[in-house]
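As structure tokens, the structure follows; a few thoughts come after it.
The values are calculated or read from the model by the stated rules, or taken from the named source; none is laboratory data. Please read these numbers as outputs of a predicted model, since none were measured by experiment. All Cβ positions, glycine included, derive from the backbone under ideal geometry; neighbour counts span all protein chains shown.
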Amino acid sequence: SSETFWTTTGMFPQELVIGLPRCVKLSKVAIQCYLVRTLRIERSVSEDPVGFEQCIEKDLQHTEGQLQREEFPLPDFQATYLRFIIKSAFDHFVSVHRVMAEGT
């Protein structure tokens, strides 16, 4: 639901870990968030959420009063867990409204 969201506690970095049902091949990850300045996405292919490796780090554009919408193509990308690290923000609190992953 776009009415629900995860919000930070006010200090950075903050992280959100998403576990997938098994190791899957992803082609794209998309995120809808608010007031995120720098975002890093990491992955793990382990059975447990350990051994993460950095995949993407990007400075997002500030969109006053609107959700930020970012898509990241991931060719030949496998993951069991995705870790989203919000390294910095445009305000004290940010929110993540949706994370979408496409693949097989």
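The strands (runs of 3 or more DSSP E) found wholly in region 40-104 include none carrying at least 2 residues that are in contact with a helix residue (DSSP H, G or I) (Cβ under 8 Å, 6 or more places away or on another chain) and buried (at least 19 other Cβ atoms within 10 Å of the Cβ). The listed residues are S1, S27, and the only one of them that is among the small types (G, A, S), assigned to a strand (DSSP E or B) and either at pLDDT below 95 or loosely packed, with under 14 Cβ neighbours inside 10 Å (or both) turns out to be S27.
For I86, state whether it is β-branched (V, I, T), within 23 Å of E3 (Cα to Cα) and touching a His at 6+ places or on another chain (Cβ under 9 Å). Answer is no for this residue.
Taking the listed residues I18, I31, I56, the one that is under 19 Å from D91 (Cβ atoms) and aliphatic (A, V, I, L, M) is I31, with no other qualifying.
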